Amino acid sequence: MIIFAALMTIRKTMSKKVGIVWFICFCLMAQVWAQSAKTVLFLMPFYVSSYDERAVNAAKSGKELNNIPSFQMMGFWGGAQIALQEYEEQNVPLNIIVRDITDNETKLQRIMEDRELMSQVDLIIAPLFSKPFQIAAQYAKTYQIPIVNPFTSRNDILDHNEYVYKLTPANEANPATLSFMVDNMPRYQIILYTDSSKKNVEYQTYLSYFNNHHIPYHTANSLQGVLSALRSDTHNVLVVLNQGEALSLTLSQKLLYSGKAVDPEHLLMVVPEKWITSNTYDVEYYNKLNLHFFSDYYVDFEDQKTQLFIYKYTQQFNTPPTLKNFAFQGYDVVRYFVELIRHDMDHDQVKVTPLSYYFSFDKLPDGGYENVNVQFLQVLDNTILPATY
């Protein structure tokens with residue numbers, strides 16, 4: 001009996017020790033978990049304080065709903081939520097902080113001056129307008145936190161701030177991409193067409209890029225000038241730098257029915273994106289004129305990952321994701337940049353393929369990071385596809 005009692009005492013002592021060891025391990029694991037969890041701060045223009053229920057109820061379409069300030073970024077946030085849920089399913093620890101930001105600069109400054117809050121943050125995602133973003137970016141620089149702007153085209157947000165990531169490519173990306181693509185053609189000539197060269201910033205961008213890189217080109221400032229410049233013995237790369245929809249019909253009709261035969265195999269016509277999305281442009285011109293255009297986004301709806309995202313988003317929010325409501329963009333930004341901070345800002349280690357963006361970042365010598373890849377797309381059999389040459 002004495003021996004049995006002694007054994008029981010030893011067993012109880014060992015159980016306590018094991019329990020203490022497990023408790024210590026649990027605490028250590030919790031501490032490691034807390035240390036390894038990345039924190040993402042979303043500065044979102046939700047305009048909660050100005051929510052207008054009557055305007056919401058009166059909206060007759062998704063387009064009208066998206067025009068209400070409180071809903072303009074809901075799609076972006078919805079896409080971001082799908083991405084965050086995927087990390088949760090993968091047991092990737094993340095701390096998410098969301099702040100509603102409007103044009104109230106005092107409120108924004110109060111948030112950004114909260115040192116206790118900002119000391120925890122590893123990444124700021126801020127789809128804000130220019131002035132609020134610039135304020136937030138200056139604080140991000142002070143705290144040395146990467147900050148992402150998904151939509152602005154302004155280059156000045158990159159100046160003297162190595163922590164800013166600008167996702168919309170600069171205008172120079174278009175001529176750079178075009179010159180790279182047409183270099184694969186055996187013989188070609190580039191024709192730049194505009195009827196308002198002095199006021200056309202994009203036209204001036206093409207001229208500057210081509211001149212600086214010694215790329216030959218022709219210019220035309222009238223429809224007749226375009227027709228005169230076309231040649232039948234080479235590939236004609238016609239870049240239309242006019243935004244007017246009326247011109248789209250006039251130019252297309254002239255090219256097809258002027259009496260001067262235009263072979264689509266010898267014509268590559270680069271037009272403004274709004275021509276493609278316009279309801280006034282006749283679809284018969286798509287294939288006959290070999291239409292191409294530049295866009296910040298492209299979604300392959302045949303891709304399985306895209307289809308899975310659409311299914312998840314539709315199931316959760318009872319509405320399909322679109323580029324116009326920024327759902328794809330919200331998903332992409334979270335997936336890519338969370339991976340980036342998880343890999344110590346090493347882009348080469350990020351293996352995520354975005355659903356809508358095409359990322360490749362260049363760092364300015366004395367500034368932030370700019371995405372330099374623009375989507376160059378073509379219309380083929382009434383379907384939009386990435387251009388290949």
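Numbers below:
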| read-out | value |
| --- | --- |
| Residues being out of contact with any Ser or Thr (no Cβ under 8 Å at 6 or more places or on another chain) and at pLDDT 70 or above - total across segment 247-263 | 9 |
| Subset of segment 141-161 (residues that are without any contact (Cβ under 8 Å) to a residue 40 or more places away in the chain and of a type in the set (Asp, Glu)) | ASP156 |
| Residue check, PRO320 without any contact (Cβ under 8 Å) to a residue 40 or more places away in the chain and either buried (at least 16 other Cβ atoms within 10 Å of the Cβ) or not in a loop (DSSP other than H, G, I, E, B) (or both) | no |
| Within segment 182-217, tally of residues that are closer than 23 Å to GLY244 by Cβ, open to solvent by 10 Å² or more (accessible area, probe 1.4 Å), touching a Ser or Thr at 6+ places or on another chain (Cβ under 6 Å) and not in a loop (DSSP other than H, G, I, E, B) | 1 |
| Residue within segment 169-181 that is within 25 Å of GLN329 (Cβ to Cβ), of a type in the set (A, V, I, L, M), open to solvent by less than 80 Å² (accessible area, probe 1.4 Å) and part of a loop (DSSP other than H, G, I, E, B) present | yes |
| Subset of segment 231-246 that is assigned to a loop (DSSP other than H, G, I, E, B) and open to solvent by 20 Å² or more (accessible area, probe 1.4 Å) - its residue that is modelled with the lowest pLDDT | GLN243 |
| Selection from segment 331-347 of residues that are assigned to a loop (DSSP other than H, G, I, E, B) and within 15 Å of SER360 (Cα to Cα) | MET345, ASP346 |
| Some residue of segment 323-330 being open to solvent by 10 Å² or more (accessible area, probe 1.4 Å), under 18 Å from LEU123 (Cβ atoms), hydrophobic (A, V, I, L, M, F, W, C) and in a loop (DSSP other than H, G, I, E, B) | no |
| Unique match (being closer than 16 Å to ASN371 by Cβ and hydrophobic (A, V, I, L, M, F, W, C)) among ILE135, ILE125, ILE145 | ILE125 |
| Selection from segment 82-122 of residues that are of a type in the set (Val, Ile, Thr) and either open to solvent by 20 Å² or more (accessible area, probe 1.4 Å) or closer than 25 Å to GLY368 by Cα (or both) | VAL92, ILE96, ILE97, VAL98, ILE101, THR102, THR106, ILE111, VAL121 |
| Options LEU385, LEU308, LEU291: the member that is hydrophobic (A, V, I, L, M, F, W, C), open to solvent by 60 Å² or more (accessible area, probe 1.4 Å) and modelled with pLDDT under 95 | LEU385 |
| Only one of SER278, SER356 that is without any contact (Cβ under 8 Å) to a residue 60 or more places away in the chain, out of contact with any Gly (no Cβ under 8 Å at 6 or more places or on another chain) and within 18 Å of ASN149 (Cα to Cα) | SER356 |
| Test: THR152 is of a type outside the set (A, V, I, L, M, F, W, C), part of a loop (DSSP other than H, G, I, E, B), open to solvent by less than 80 Å² (accessible area, probe 1.4 Å) and closer than 30 Å to PRO132 by Cβ | yes |
| Filtered residue count, segment 123-149, keeping only those that are polar (S, T, N, Q) and either crowded, with 20+ Cβ neighbours inside 10 Å or under 13 Å from ASP103 (Cβ atoms) (or both) | 3 |
| Candidate set from segment 348-381 (those that are closer than 21 Å to GLN307 by Cα and in a strand (DSSP E or B)); member that is most open to solvent (accessible area, probe 1.4 Å) | GLN375 |
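The values are calculated or read from the model by the stated rules, or taken from the named source; none is laboratory data. In this text, all values refer to a predicted model and were calculated from it rather than measured experimentally. Cβ atoms come from the backbone with ideal geometry, glycine included; neighbour counts cover every protein chain shown. Surface accessibility is based on the protein's heavy atoms, side chains included, excluding ligands, DNA and RNA. Shrake-Rupley method; radii C 1.70, N 1.55, O 1.52, S 1.80 Å.
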